[in-house]
Amino acid sequence: MNRTRLRIVLVGLLAGLLLVLPAASFGKGSATQLEVFSWWTGGGEAHGLDALIKIWNKAHPTMHVKNSAVAGGAGSNAKAVLAQRLSAHKPPDSFQGHAGAELQDYIKAGQLEAIDSLYKKYGLNKVFPQQLIQQITYKGHLYSVPVNIHRANVLWYNPAALRKAGIKGAPTTWAAFIADLKLAKKAGLIPLALGEQWTQKHLLETVMIGKLGTSGWAALWKKGANWNSANVTAALNRYKELLTYTNSDAASLTWQDASKLVADGKAAFNIMGDWADGYFRVDLKKKPNTGYGWTAVPGTGGVYDWLSDSFTLPKGAPHRAAAVQWLGFLGSKKAQDTFNPLKGSIPARKDANAKLYGTYLKWALAQWKSDKLAGSLTHGVVASNAWNTDIDTALGLFVQTKNVSRFQSALVTAAKKRAT
Ligand code: GAL
């Protein structure tokens with residue numbers, strides 16, 4: 001059985017198991033366990049959450065967190081498990097959801113409680129940036145607490161590998177990028193490391209933003225948008241070209257596998273979100289600037305392709321009062337300054353202590369203040385789960401056929417069907 005099928009079967013089994021287990025059988029002392037659901041299990045993902053749980057458990061000896069994280073980058077498995085649990089009315093006490101359209105899916109389905117009173121109690125309205133508050137507000141109410149801001153459009157590289165290939169510094173323009181990929185190939189390196197399908201969509205979004213700019217990108221997600229434009233065609237052709245510089249086993253690699261190819265000097269470049277900083281630095285013990293380097297994806301200098309992980313209060317949360325406290329804790333300066341330096345993200349709060357953040361994150365903090373914003377597709381900001389699924393299907397086909405015009409028509413159809 002190939003890896004994808006095996007994963008689908010395993011997710012199905014896991015979801016089935018969770019549905020048949022009565023709530024009371026969730027481990028020892030379950031009556032006082034606060035179940036937190038996310039997809040942060042592996043390298044670059046788990047350390048931040050573990051640190052939060054440690055603080056929480058110390059302060060709440062009779063209400064420990066039950067960590068129900070389901071492995072799989074970008075929630076590729078977790079979201080399916082969650083959907084089944086929510087439709088069976090067996091929600092965890094709090095679950096991870098991306099700010100923006102993804103969160104609205106849950107709100108519109110009536111699966112979340114508004115938490116305006118929590119915002120009032122902790123004064124959270126004032127500590128988060130206004131543009132973020134907008135993304136988590138629906139019809140005047142707030143539904144989640146954001147823990148971070150991630151940046152998706154980062155070009156990671158191995159400085160030693162670049163030197164070996166004769167590449168002088170990281171590229172900033174498309175033409176320079178292609179020239180560097182050619183040099184890397186000549187030097188026997190994987191020019192651009194790539195992983196499983198969601199990372200391919202992640203790559204696509206950064207290429208599209210680079211070609212269309214922030215306003216062209218934002219326009220695509222509105223009703224009546226022109227997905228048929230020559231600019232979209234040009235972006236898709238760029239993407240097609242880029243794929244010729246990637247490893248042929250991409251479909252079977254996780255994002256960590258692809259990042260590791262760069263860390264190990266087997267690949268020159270990888271385009272990934274800044275959770276890779278957490279992975280390089282905390283898991284692989286690499287030093288910023290020497291062990292790994294970064295810059296904006298070529299063509300996206302001055303643009304922050306952003307996303308935010310937020311936590312929710314599902315309707316019917318088994319330990320509602322504790323879940324509300326957990327959300328208050330997540331919004332605190334202490335929680336955000338503990339979590340983010342490990343996770344490789346900047347805090348959602350505006351008042352974080354910058355001294356606690358490493359070299360990459362100091363760069364990101366500065367960029368966040370000056371860059372124009374583009375919302376992430378792959379990580380839930382601009383399009384609903386359903387729209388994302390349509391794009392996934394079209395992209396899956398494109399990766400096989402490399403037929404740009406068919407891909408573009410499928411994207412046009414998806415937009416007509418899904419834009420609201
Ligand atoms: C994103 C998520 C990040 C990180 C990444 C890789 O969707 O927002 O926190 O976990 O997936 O799994």
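What the table below lists for this structure:
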{"read-out": "Cβ-placed point charges (K, R +1; D, E -1), dipole of region 292-420 about Cα centre in debye, nearest 20", "value": "200"}
{"read-out": "Charge dipole magnitude, Cβ of K and R +1, D and E -1 - region 44-174, Cα centre, debye nearest 20", "value": "320"}
{"read-out": "Selection from L253, A234, W221, by position along the positive dipole direction of region 215-266 (Cβ)", "value": "W221"}
{"read-out": "Residues whose placed amide H lies under 5 Å from that of I149, excluding near-sequence neighbours", "value": "I346, A348"}
{"read-out": "Sorted peptide list for 380-389, 204-213, criterion being average Cβ within 10 angstrom, highest first", "value": "204-213, 380-389"}
{"read-out": "For the chain, convex hull of alpha carbons as volume per residue, Å³", "value": "135"}
{"read-out": "Alpha-carbon centroid distance for the pair region 291-306 / region 181-199, whole angstrom", "value": "17"}
{"read-out": "Long-range amide H partners of W294 with built H, under 5 Å", "value": "Y157"}
{"read-out": "The chain - share of DSSP beta bridges that are antiparallel (%, nearest 5)", "value": "60"}
{"read-out": "Options G210, N148, A179, ranked by Cα towards positive dipole end of the chain, top entry (Cβ charges)", "value": "A179"}
{"read-out": "About the Cα centre, charge dipole magnitude for the chain (Lys/Arg +1, Asp/Glu -1 at Cβ), debye", "value": "380"}
{"read-out": "Given charges at Cβ of Lys, Arg, Asp, Glu: the chain dipole, positive-most of T338, S117, A161", "value": "A161"}
{"read-out": "Heavy atoms of K417: accessible area, 1.4 Å probe, square angstrom to 10", "value": "130"}
{"read-out": "Nonlocal amide H pairs with L112, under 5 Å, H built at 1.01 Å", "value": "K315"}
{"read-out": "Within the accessible area of the chain (1.4 Å probe), percent carbon and sulfur", "value": "57"}
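The values are calculated or read from the model by the stated rules, or taken from the named source; none is laboratory data. Since this is a predicted model, take the numbers as computed values, not measurements. Quick reminder, even Gly has a Cβ in these numbers, built from the backbone with ideal geometry, and neighbours come from all protein chains shown. Side chains are part of the model used for accessible areas, which takes the heavy atoms of the whole protein and leaves out ligands, DNA and RNA. Shrake-Rupley method; radii C 1.70, N 1.55, O 1.52, S 1.80 Å.
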